[in-house]
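Q: Got a structure for you, written out below as structure tokens; questions coming shortly.
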Amino acid sequence: MYLSRVVIDKNNRKKIKDLTHVGAYHAWVEDSFPEECDLEERTRKLWRIDYLNDNAYLLLVSPNQPSLELLEKYGVENSAESKEYGTFLAGLHNGMKLNFRVTLNPVISKSIPNSHQRGRVLPHISLDHQRKFLLDRSKVNGFDLQEEAFTIVERGYALFKKKGQKDLRLVKATYEGTLTVIDEQRFREMLIKGLGKKKAYGFGLMTVIPYR
């Protein structure tokens with residue numbers, strides 16, 4: 001596994017003019033793996049946009065290492081970096097306390113009475129429901145999360161465009177806080193495979209660092 005990032009060249013409007021919605025970011029990520037494109041064998045990748053010290057970063061977790069040159073397609077020159085992630089993941093253990101950050105698409109599936117059809121997916125838009133969304137998914141993903149140990153630092157919507165279809169607004173919430181690992185195998189799997197829905201479009205990537 002690899003953890004990679006690049007500074008988005010947000011000051012060059014001409015360069016990033018195509019980055020108008022999360023589908024464009026998805027295409028950028030996929031295009032950064034030319035060998036997979038050639039073989040038509042796509043692996044699961046997780047990504048999100050982070051902001052730090054007035055910079056915007058594309059953060060990426062992937063089984064294979066991306067092309068740093070292609071990762072800089074919309075990035076600042078020489079800002080792309082990639083490092084092996086497996087050693088860190090292997091060092092996670094039960095009882096470990098970690099600081100975390102994750103952006104999720106908090107939704108609920110409402111069943112249709114007297115119908116065999118799939119339930120209708122609706123967004124969670126209230127703060128309380130968005131908080132509960134993560135709490136309800138903590139233990140099944142291998143971590144304990146106390147209600148007072150995290151906060152939602154950003155709420156809003158992400159635009160998704162698809163040719164021939166109506167534009168969608170995907171609800172999003174970014175969470176930060178402290179958790180404790182209770183099932184290292186499940187937790188490690190969640191960090192690799194992501195949490196929740198719309199993982200191809202910038203949701204579900206949790207990053208963690210040791211608690212201090």
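The values are calculated or read from the model by the stated rules, or taken from the named source; none is laboratory data. As the structure is a prediction and not an experimental result, all values here were calculated from the model. Cβ sites come from the backbone with ideal geometry, for glycine too, and all protein chains shown count toward neighbours.
Q: Just to verify a result, which residue in the range 189-200, among those that are surrounded by 19 or more Cβ atoms within 10 Å (Cβ to Cβ) and out of contact with any Leu (no Cβ under 7 Å at 6 or more places or on another chain), is farthest from residue 142 (Cα to Cα)?
A: Per the stated criteria, the residue is 200.
Q: All but one of (1) over 16 Å from the mean Cα position of the chain (by Cα); (2) among the charged types (D, E, K, R); (3) surrounded by 11 or more Cβ atoms within 10 Å (Cβ to Cβ); (4) within 23 Å of residue 87 (Cα to Cα) hold for residue 169, so report the exception by its number.
A: (4)
Q: Have a look at 46, 70, 39 and point out the one that is under 26 Å from residue 123 (Cα atoms) and not assigned by TED's automatic domain parsing to the domain that holds residue 151.
A: Numbers: 70 fails: under 26 Å from residue 123 (Cα atoms); 39 fails: under 26 Å from residue 123 (Cα atoms).
Step by step, each of 46, 70, 39 is checked, and only 46 is under 26 Å from residue 123 (Cα atoms) and not assigned by TED's automatic domain parsing to the domain that holds residue 151.
Q: Tell me, which strands (runs of 3 or more DSSP E) wholly within the range 1-94 include 2 or more residues that are touching a Lys or Arg at 6+ places or on another chain (Cβ under 9 Å) and surrounded by 13 or more Cβ atoms within 10 Å (Cβ to Cβ)?
A: It comes to 2-7, 46-52, 55-62.
Q: To continue, here is another question. Considering the range 183-197 alone, what residues qualify as being charged (D, E, K, R) and at pLDDT 95 or above?
A: Correct list: 183, 184, 186, 188, 189, 193.
Q: Another question about this same structure. From 101, 186, grab the single residue that is surrounded by 11 or more Cβ atoms within 10 Å (Cβ to Cβ) and assigned to a helix (DSSP H, G or I).
A: 186 is the lone residue from the list that is surrounded by 11 or more Cβ atoms within 10 Å (Cβ to Cβ) and assigned to a helix (DSSP H, G or I).
Q: Is there any pair with a first residue in the range 1-25 that is of a type in the set (S, T, N, Q) and modelled with pLDDT of 95 or more and a second that is part of a helix (DSSP H, G or I) and surrounded by 12 or more Cβ atoms within 10 Å (Cβ to Cβ) whose Cβ atoms are under 9 Å apart and which are 6 or more apart or on different chains, and what are they?
A: Here the result reads 4/68; 4/71, each pair linking the range 1-25 to a residue that is part of a helix (DSSP H, G or I) and surrounded by 12 or more Cβ atoms within 10 Å (Cβ to Cβ).
Q: Can you tell which of 137, 101 is within 28 Å of residue 26 (Cβ to Cβ), without any contact (Cβ under 8 Å) to a residue 60 or more places away in the chain and out of contact with any His (no Cβ under 9 Å at 6 or more places or on another chain)?
A: Numbers: 101 fails: without any contact (Cβ under 8 Å) to a residue 60 or more places away in the chain.
Going through 137, 101 in turn, the sole match is 137.
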